[in-house]
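Reviewing the structure listed below.
The values are calculated or read from the model by the stated rules, or taken from the named source; none is laboratory data. It should be emphasised that the depicted structure is a prediction, and the values quoted were computed from it without experimental measurement. Note: ideal-geometry Cβ built from the backbone for every residue, glycine included; neighbour counts use all protein chains shown. Only protein heavy atoms, including side chains, enter the accessible area calculation; ligands, DNA and RNA are left aside. Shrake-Rupley method; radii C 1.70, N 1.55, O 1.52, S 1.80 Å.
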Amino acid sequence: ADATQCSVSSGINAEYGQFITAEITYGGRVTDAWDQRVLKVVLERFFKPASLEPGYLYCSSDLYHPLETISLENYKDYIEELPIIDPPEIFDMYQNANISFQKKESMFMVNTILEVQPRLVSVGGGKSSDDIVFELADVMLTKLPEKLDIDTALAEMFEPDDKGRINSLSTVLSQEVSRFNKLLSVIISSLLNIKKAIKGLAVMSESLEAIFNSMLGNIVPDEWANAAYPSLKPLGSWVKDLELRLQFIGRWMEYGQPKSYWMSGFFFPQGFITGALQNFARKYDVPIDALKFRFNVLPGPHYREQADVAAAETADQPFDDSAYDMP
């Protein structure tokens, strides 16, 4: 038998069995092209010549294996013994996949419970749901800037060198400003529309109602999350984190390149890494493909919370660039 034939004598063709299972049995339920590709890879472990040999296991667990019997009752008994929730190993996945799955299921359940809660009505002077969301929108509009103006950035950062090249990190700064401005545009526009809808000046569309419910449940609205960087924070922490990111970019524009950078504060950290490599390659005239980062783990507490850095920067004193220095 070759790679596609399970057994000549049995007449079973692995390629046909895999096609029937992937394209016909699951074809109508698995529609995404990448999911279909993963399904085919998983099925390769079940449809191959080795699966007909005695003692073959589908995964590291002894529980999943082909039965050496043709009795229907034996198959029924074997299926009854299988766990209700399959472990990740049977799909050739690591245990972390199960953790991610459980987190997603938990968040889906919590969000569903929050969505079906009735809107609160003001009783005895208490705040209604509309009041809570309206005030929250007001606070967010007060804290978040309308946009970051790259034209106000320090001019010397964009001066070309002797070969007419602009500093790569200045290009990274421009790209970061553009990304944050797009996110701010989405947030501010939806907040203004939410306020109008609560007042009755605009129609509470389906998308606005979804944002309303998310804000009421301290959840980042999907419309914002889709336009933003990856984050698992609840809405309150997410907005505070966004403030710190905007302040970090704003100080960079106002005072020039800092001595150290808040890596997780970038919208697209990969862009900063590439920019740093480009600057090094230009300075020492080496191919960028030949460069890579080396990381040294330093002893002691060398990490500073960005909130502490921001507090030091906004204190009633002249700007101190040492706020970017590690302790």
Using a 7 Å offset from the Cα along the Cα-to-Cβ direction at both A290 and L201, what is the distance between the two label points in nm, to one decimal?
6.3
Reviewing [x] 29, 28, 24; [y] 41, 20, 17; [z] 50, 34, 19, the figure for semi-axes √(5λ) of the Cα gyration tensor in Å actually calculated from this model sits under [z]
Quick one: Karplus J couplings for the range 136-152, per residue in order, coefficients 6.51, -1.76, 1.60, θ = phi - 60°, nearest Hz, x for Gly and Pro?
4, 5, 4, 5, 5, 5, 6, 7, 8, x, 5, 6, 9, 9, 5, 5, 8
Ignoring ligands, DNA and RNA, what percent of the accessible area of the chain is carbon or sulfur (1.4 Å)?
56
Using a 1.4 Å probe, how large is the accessible area of K127, given in Å² and rounded to the nearest 10?
120
May I ask you to evaluate 6.51 cos²θ - 1.76 cosθ + 1.60, the Karplus curve with θ = phi - 60°, for each residue of the range 217-222 and list the ³J(HN,Hα) values in order in whole Hz, giving x for glycine and proline?
x, 6, 10, 5, x, 4
10 Å Cβ shell holding at most 16 others, DSSP loop, GluC sites (Glu not before Pro): longest site-free stretch of the chain:
147-304
How much FRET efficiency would the formula 1/(1 + (r/R0)^6) give for L52 and S237, where r is the Cβ-Cβ distance and R0 is 45 Å, rounded to 0.05?
0.25
Mean-square fluctuation maximum in Gaussian network of the chain, Cα pairs under 10 Å, restricted to P258, P66, P88, hits P66
Can you list residues whose amide H is under 5 Å from V220's amide H, if they're 5+ apart or on another chain and H is modeled 1.01 Å from N?
L235
What nm distance separates the two modelled labels at S174 and L82, each placed 7 Å from Cα along Cα→Cβ?
5.7
Show V116, V110, V30 ordered by accessible area, largest first, where the area counts protein heavy atoms only and the probe is 1.4 Å.
V116, V110, V30
Selection of trypsin sites (Lys or Arg not before Pro), the range 19-53, meeting DSSP coil and at most 11 other Cβ within 10 Å
R29
How tilted is helix 72-81 with respect to the longest principal axis of the chain? Cα atoms for both, answer in degrees (0 to 90, nearest 10).
30
Taking θ = phi - 60°, what integer Hz values does the Karplus form 6.51 cos²θ - 1.76 cosθ + 1.60 yield along the range 248-264, in sequence order, with x for Gly and Pro?
4, 5, x, 5, 4, 5, 7, 10, x, 5, x, 6, 9, 10, 7, 4, 6
Ranked order, F180, F108, F268 - accessible area, probe 1.4 Å, largest first:
F108, F268, F180
May I ask you to derive the FRET efficiency for Y255 and E135 from their Cβ-Cβ distance with R0 = 41 Å, giving the value to the nearest 0.05?
0.75
Once the whole set of protein chains is in place, how much accessible area is left on T274, using a 1.4 Å probe, in Å² to the nearest 10?
60
Which entries of K103/K240; K103/K199; K40/K182; K40/K292; K182/K259 have Cα-Cα distances beyond 32 Å here?
K103/K199; K40/K182; K40/K292
With every protein chain in place, the accessible area of T69 for a 1.4 Å probe, in Å² rounded to the nearest 10, comes to 40
GNM top mover of R165, R282, R294 - the chain, alpha-carbon springs below 10 Å
R294
Which listed residue (N181, L246, L136) has the Cα farthest towards the positive end of the charge dipole for the range 128-254, taking +1 on Lys and Arg C-beta and -1 on Asp and Glu C-beta about the Cα centre?
L136
Can you tell me the length gained on complete extension of the stretch S128 to E23, counting 0.36 nm per residue apart and subtracting the Cα distance?
32.6 nm
Pull up the cross-link candidates among the aspartates and glutamates for K127, meaning alpha carbon to alpha carbon under 12 Å and not fewer than 8 places away within one chain.
E135
For the chain, what is the accessible area per residue in Å² when the probe is 1.4 Å?
66
Those chymotrypsin sites (Phe, Trp or Tyr not before Pro) from the range 270-312 that are DSSP loop and have at most 14 other Cβ neighbours within 10 Å turn out to be F293, F295, Y303
